[in-house]
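As structure tokens, the structure follows; a few thoughts come after it.
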Amino acid sequence: MRKAKWGLLATCMIAAMLAGCASGPKTPGPDAPPSQTPASPVPAPTTPGPLTGPLTHPKTRWIPVDWAELPGWSEDPVHEAWGALMTNCQRPNAAIAPLCTQVRRLSIAGDAEQRAFLMEQLQPYRVESPAGQTEGLLTSYYEPVFDASRVPTATHTVPLYALPAGWVRGRPGYTRQQLETQPEAQATLRGREIAWMADPIDVLMLHIQGSGRLRITEPDGRRQVVRMAFAGTNEQPYRSVQAWLSSQGVSPIGRWPEDVKAWAAQNPQRVQQMLWANPRYVFFREEPLSDVDAAFGPRGAQGVPLTAGRSIAVDREAIPYGTPVWLASSGPVAQLNRLVVAQDTGSAIVGAVRADFFAGTGEEAGRFAARMKQPLRLWALWPRGMDPTGASLVRR
């Protein structure tokens, strides 16, 4: 479990207040009204200084552009993204680190000053595939909340596990089916139970999202809310449950997880077969949830807390962790033109123009995330004067 230092705690509290933590994470809906924040005067886009040219890696290329190319740049209330920029500075990449003193100083500044700082310090790069494709796919994920029991009961029979004995990162372990059926595989999990849940589909959702919150009932009847943070996997490939259902002739899943639960209720004898179709298994670690922690999402792969609506997961071979990114997506679920930060990754997030949008915590965020699948364009915002082709700029 992590132990926060007082300096880090103070930074988080400032960021939490800036992100509007008192009202909890806010999920952008399809019919969200325009921001009521008065438009801030925006400095005229300046001609970029000497450019290093396109960033070309096996998975991506970055093309330097003017700020005027970013759709909606002048309308986004960038102060709402400042909390994500602040948490980003807990573990910045080497290119962003020199800006962190100013990022912290501007935490109480207005939109105009914050926007001017970003335009002065950062150069926009259009993110493309190596073949020049500029449009990709935006999906979304969230932090679910479930009830659980500290001990198994008549209703809570599905365990969540910590890392198994003998686990080695990068080495494939037992599959999901083996962990649930083979004695030698089950032995590696003995004593690693963290809590028990009632519904195997909910457990599957927790595995897919990679983290969540549990309202745990303790043996003495006390209830507490804790976070199940991602600890690792069995290093087996992920297989989509929806794809398996489709291969079995089941009608397309329109609502997740409601339609899957409805199918499971009608086909209880096939639920285990459906679950075993995905060999990947996720292990967790329990973390306490202070008031400050509760204002943010779980820690992403960068190692910093995610901010609802302002953090994304990316392919780290295309966009380094800690990179500010301009995201543009228009579709039936939401109209998004906003500043976000690359702070996480995922097994399905592969390619140059690909992102997973962190929607927040709870049911509303879950409904939004389940529907999100629409076109995407991305612009990486990289410090001026820093060579974006330098591999040394990305901390490993």
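Residues in segment 211-258 that are surrounded by fewer than 16 Cβ atoms within 10 Å (Cβ to Cβ), under 23 Å from ASP147 (Cα atoms) and out of contact with any Lys or Arg (no Cβ under 7 Å at 6 or more places or on another chain) were compared, and the one that is modelled with the lowest pLDDT is ARG255. Residues in segment 171-207 that are open to solvent by 60 Å² or more (accessible area, probe 1.4 Å) and either among the basic types (Lys, Arg) or in contact (Cβ under 8 Å) with a residue 60 or more places away in the chain (or both) were compared, and the one that is nearest to LEU275 (Cα to Cα) is GLN177. Checked against (1) of a type outside the set (D, E, K, R); (2) more than 20 Å from ALA301 (Cβ to Cβ); (3) touching a residue at least 40 places away in the same chain (Cβ under 8 Å), MET228 passes all but condition (2). Within segment 76-93, can one find any residue that is open to solvent by 20 Å² or more (accessible area, probe 1.4 Å) and farther than 24 Å from ARG377 by Cβ? For segment 76-93, residues open to solvent by 20 Å² or more (accessible area, probe 1.4 Å) and farther than 24 Å from ARG377 by Cβ: present. Please determine whether any residue of segment 361-379 is surrounded by fewer than 21 Cβ atoms within 10 Å (Cβ to Cβ) and closer than 14 Å to GLY300 by Cβ. No, there is no match, as no residue in segment 361-379 is surrounded by fewer than 21 Cβ atoms within 10 Å (Cβ to Cβ) and closer than 14 Å to GLY300 by Cβ. Restricting attention to segment 160-167, does a residue exist that is surrounded by fewer than 17 Cβ atoms within 10 Å (Cβ to Cβ), modelled with pLDDT under 95, of a type in the set (A, V, I, L, M, F, W, C) and farther than 29 Å from ARG367 by Cβ? Within segment 160-167, one or more residues are surrounded by fewer than 17 Cβ atoms within 10 Å (Cβ to Cβ), modelled with pLDDT under 95, of a type in the set (A, V, I, L, M, F, W, C) and farther than 29 Å from ARG367 by Cβ.
Counting the residues of segment 84-132 that are over 22 Å from GLY303 (Cβ atoms), part of a helix (DSSP H, G or I) and either of a type in the set (Val, Ile, Thr) or at pLDDT below 95 (or both) gives 1.
Scanning segment 133-186 for residues that are touching a Gly at 6+ places or on another chain (Cβ under 6 Å) and part of a loop (DSSP other than H, G, I, E, B) returns PRO144, LEU163. The numbered conditions (1) under 26 Å from the mean Cα position of the chain (by Cα); (2) under 30 Å from ASP293 (Cβ atoms); (3) in contact (Cβ under 8 Å) with a residue 60 or more places away in the chain are all true for VAL168 except (3). The residues in segment 259-276 that are loosely packed, with under 13 Cβ neighbours inside 10 Å and either among the small types (Gly, Ala, Ser) or under 25 Å from the mean Cα position of the chain (by Cα) (or both) can be counted, and the count is 2. Candidates are the residues of segment 277-326 that are under 24 Å from GLY173 (Cα atoms) and under 10 Å from the mean Cα position of the chain (by Cα); the one that is most open to solvent (accessible area, probe 1.4 Å) is ALA301.
The values are calculated or read from the model by the stated rules, or taken from the named source; none is laboratory data. Keep in mind it's a predicted model, so treat the numbers as computed, not measured. Don't worry about glycine lacking a Cβ; one is built from the backbone with ideal geometry, like all the others, and counts go over all protein chains shown. Protein only, heavy atoms only, side chains kept; ligands, DNA and RNA dropped before computing areas. Shrake-Rupley method; radii C 1.70, N 1.55, O 1.52, S 1.80 Å.
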